[in-house]
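Structure first, commentary second.
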Amino acid sequence: MVELTEYHHDPIVCRACGTQLDSVSDPYGTTNRPTTGAFTLCIVCGEVSVFEVAEDGTVTMREPNFVELEIFNREGKALIKAFMASRLKRGR
Ligand SMILES: [Zn+2]
């Protein structure tokens, strides 16, 4: 079973609900930090966003474009299942 990895970053405001998000969890355990173009879900409202990481390491989130939403529609269910499975394993 893959371990859930977490990465803490400067607060980013969810564009949908306004929650300040300051960490991300990778349900696949493949990376310990956000990467440009990776999908992310707000832990409070579930809004889908895409990470952008600047050369200086600053992490931001933006609205997915049409092509990215099509990809998420195909792959998102597996991402959500992996996330929920990893949280259950940790008891959170
Ligand atoms: Zn939100």
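Each value in this text was obtained by applying a stated rule to the coordinates, not by laboratory testing. Only a predicted model underlies this, so the values are computations on that prediction, with no experimental measurement involved. Don't worry about glycine lacking a Cβ; one is built from the backbone with ideal geometry, like all the others, and counts go over all protein chains shown.
Sorted by packing (mean other beta-carbon atoms within 10 Å per residue), highest first, where do 17-25, 74-82 land?
Listed from highest to lowest mean packing, they are 17-25, 74-82.
Taking only DSSP H segments of four or more residues, each worth -39500 (n - 2.57), what value at 222 nm results for the chain once the sum is divided by all its residues, to the nearest 500 deg cm²/dmol?
After summing the helix terms and dividing by the residues of the chain, the value is -9500 deg cm²/dmol.
What ratio of Cα Rg to 2.2 N^0.38 Å holds for region 5-90?
In units of the 2.2 N^0.38 Å rule of thumb, it is 1.04.
Output the relative contact order of the chain, whole-number percent, from Cα pairs under 8 angstrom with separation of 6+ residues.
Normalised by residue count, the contact order of the chain is 24 percent.
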